[in-house]
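Below you'll find the structure, written out as structure tokens, and then a few comments.
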Amino acid sequence: MRGFACFSIPYKVHFRRIHVAFILFIVWCIISVVLYSVSRSSKSSPHFKKTLNVKFVQRVGNYSSACRLPSLDPFHPSIQQFIKDLGKLQCTGERFSTFINNVLEVKGDGIASVQYRTIERPSGDDFKVVLSDPRSLSNTAKRTDENADTGLFGRFWKAVFGPVKTPFLGKATVKADFIRVDAITSYGWTKSDVHMQVSPKQEVLARPQKPVGIPLDVALIMYDSTSAANFRRKMPNTLEYLTKNLNSVFLQGETIVGDGTTAQLCAMLTGIAEKKQPEARRSENVSDSVDKWRWIFKNFKEKGYATLFSEDSTTYATFNYRLHGFKEPPTDHYARPFWLEAEEIINRYCIGGRASHNVSLEYLLSFFRAYKDKPKFSLITHDIPHNNLNTIGYVDDDLKRTLQTLEKESFMKNTMLIIFGDHGIRYSGVRKTIQGKLEERLPFMSISLPNWFTEKYPGLYSNLVQNSKVLTTPFDVYVTLRHILSYPSHPSEITTGQSLFKRIDSDSRTCTNAGVEEHWCPCLNLEEVSTDEPLIRESAEFVVKFMTI
């Protein structure tokens, strides 16, 4: 059975008894049945007089390919009503503390006392967080008026208006990735903040490096529920920078392999579908954590890489919502404890006066800086577009600035950068349109490589460009990452997928052999069928008879 795109055809018909919407729904269902039946029987028909034409979309790549990919118009009229400009994200909370390069600094007025605690992960538990014992921060600021709250006038002012707002300045060196800061104001209120940064670990710095086929750092940045079309709609500045400055390759045929984020990241990070993994579902009586899965993190760590994984969604986290999560941290720097603690502070995409997505991007930058001379593998994911296809627009300028910083600090000279969506939007009215259904299946994916790569490996780069017009999946990304380590040899124990550095035969690449579940296949392989086919004629006569009752 194949996936079909079904389209309503406008007719000027007088309906007397039944509501128009109900009639169209019935027609849609009948046409769906017809197309399904035709796909099974049309190959035996030797005659073709007229063709069932679908003009809703164009096709990507070779027309004779085994999979004819749709090329969607990001601004198709059917979805215009759902596209909104939300403007700039406004985070109005007060910023009174910073944490950079292991230095915590608190500065502000009206702060009476400050305590900080490190945020830590309890052993073997991916669902809880523990805080260290609190430590006080000394105030080193000098008061401008030592007698501000003494004397008759001072006591009167304090009684009527409260304590005088005295300045606070405190610093401390804290060797940790995550901390929580709690400040007591002069009025007795408590205000809190959380910070994340990468504090380099000596055991990681000392980890021996082993020969790698293609010596590249790898950085993956994922945006939830982001289709290729929506990225083009809402991220024009980043898209322009990727195109003009980083010469990025955009995978026009990137396709989801199953339902939801877990299916995509499982394929990308392990190369094995979830249903073929050791049982890890929390709903099952006999199941375990996901530690035994074949994680790509381990492959890079074995080669001497420093590794990082940060997912800013906690309740609906990829490997925690339905699954048991990890017993042991999967990477050298694992941010889940931070986001669990930050959950109570995050308010409408903001942590205090900072956008939460910027906190995540700064964490990535600190990782690059902490291991400047060390090979690096990182994955960060952003939840901000999950419930609204328009909110990713908040990220556009900030992501562009992050890319500019990576380039300015020379990190892009040795980095393979993959920016991608796990799938398109799965909720809201847009999913009721044909465009929305196809967008869900066609997530955004771009791959950026340093200039020296194209010069040293022109064949590999040419294959990547060629493959950008072919049906590809997260399984292929997994094999590509493995290929970086094993080159020129092909990675072993690969059952699904193919390296994007090796040309994929479009004439034989189908959803089935690419690992795409049947329901999610986006290929528009409609077949020519004679309108004289008995099934077509009977169905058409039934529709006409029904509509003229």
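Laboratory data are not the source of any read-out in this text; all were calculated from the coordinates shown. The model shown is predicted, which means the values in this text are computed figures rather than measured ones. Backbone-built Cβ (ideal geometry, glycine too); neighbour counts: all protein chains shown.
Tabulated results
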| read-out | value |
| --- | --- |
| Burial ranking of peptide ranges 320-332, 124-136, 343-355 (average Cβ count within 10 Å, highest at the top) | 320-332, 343-355, 124-136 |
| Distance between modelled label sites at THR510 and THR495, nm, 7 Å Cα→Cβ extension | 2.0 |
| Check: the stretch 396-549 dipole with +1 on Lys, Arg Cβ and -1 on Asp, Glu Cβ, in debye | 540 |
| Cα shape, the stretch 169-244, gyration tensor, a/c 1.5 rule | oblate |
| Label point distance in nm, THR454-SER192, each placed 7 Å from Cα along Cα→Cβ | 4.9 |
| Sorted peptide list for 260-266, 310-316, criterion being average Cβ within 10 angstrom, highest first | 260-266, 310-316 |
| Using θ = phi - 60° and Karplus 6.51 cos²θ - 1.76 cosθ + 1.60, couplings along the stretch 79-85 (whole Hz; Gly, Pro as x) | 10, 4, 5, 9, 8, 10, 9 |
| Residue-wise HN-Hα coupling along the stretch 90-97, computed from phi with Karplus coefficients 6.51, -1.76, 1.60 (Hz; x: Gly, Pro) | 9, 9, 9, x, 6, 9, 10, 8 |
| Scaled radius of gyration (Cα, divided by 2.2 N^0.38 Å) that the stretch 338-472 gives | 1.24 |
| Two-decimal ratio, the stretch 340-408, of alpha-carbon radius of gyration to 2.2 N^0.38 Å | 1.21 |
| Pairs of Cα atoms farther than 20 Å apart, the stretch 252-352, % | 45 |
| Nitroxide proxy distance, nm - points 7 Å out along Cα→Cβ at SER78 and GLN277 | 3.3 |
| Length released on extending from ARG369 to THR140, taking residue separation times 0.36 nm less the Cα-Cα span | 79.5 nm |
| Relative intensity, log₁₀ I(q)/I(0), of the stretch 442-488 from a Debye sum that treats every alpha carbon as a point, q = 0.15, 0.32, 0.33 Å⁻¹ | -0.42, -1.41, -1.40 |
| Efficiency of FRET between ARG537 and ASP259 - r from beta-carbon atoms, R0 30 angstrom, step 0.05 | 0.20 |
| Cα convex hull of the stretch 451-544 - mean projected area over all directions, nm² | 9.1 |
| Highest to lowest packing among 420-433, 77-90, scored as the average C-beta count within 10 Å | 420-433, 77-90 |
